[in-house]
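Right, one structure below, let's go through it.
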Amino acid sequence: MHHPLLLLAFFSFTFSLLTFSPPALAIYKCESGDRIVYSDTPCRSGKTTTLDIDAGPIGDPETAQQRIEQDKRELQRLESARQKEQAADERIYRQRQKAQVSKRKKCDNLALRRKWAEEDVASAHPKSAERARRTAKRAAEKHELECAT
């Protein structure tokens, strides 16, 4: 969130811009030999030309204050919208992280079952060897189906 003093400085600056008088916005064209320089102060030497700038109407302090209030409301609205969007993004991120942890846990469990089934095949008696191989094959297929990348 923005610091309140920073916002106050911004609005004060905006207000002061709206209340400047046109002479404060004068631009001077200074010609000295083959050089032309533009400045906000009159020339010290050479030819000086004042350029007319249409500064528009001088801002009414009351209108400027209304504009400041309107800008404050707009800033609050935008900040609120940004916070809501950020909260939604964080919620989605947490859901994805939770799903990822859950999938990793499930894959680890399936890998362990596959390992145990393969160990059972290696230590099975001839009578139960076929059943152990079938169980190991199914465990491997399930692990591949769920966890293949």
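The values are calculated or read from the model by the stated rules, or taken from the named source; none is laboratory data. Computed from a predicted structure; not experimentally measured. For neighbour counting, all protein chains shown are included, and Cβ atoms are generated from backbone atoms with ideal geometry for every residue, glycine included.
The table that follows gives values for the structure above.
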| item | result |
| --- | --- |
| Residue satisfying all of: in segment 101-119; basic (Lys, Arg) and surrounded by 12 or more Cβ atoms within 10 Å (Cβ to Cβ); farthest from Arg134 (Cα to Cα) among these | Lys103 |
| Pair list, Cβ under 6 Å, 6 or more apart: segment 17-35 residue over 17 Å from Leu51 (Cβ atoms), other residue surrounded by 13 or more Cβ atoms within 10 Å (Cβ to Cβ) and at pLDDT 75 or above | Leu18/Ala64 |
| Any chance Ile58 is closer than 30 Å to Ala26 by Cβ, exposed (fewer than 12 other Cβ atoms within 10 Å of the Cβ) and either aliphatic (A, V, I, L, M) or at pLDDT 95 or above (or both) | yes |
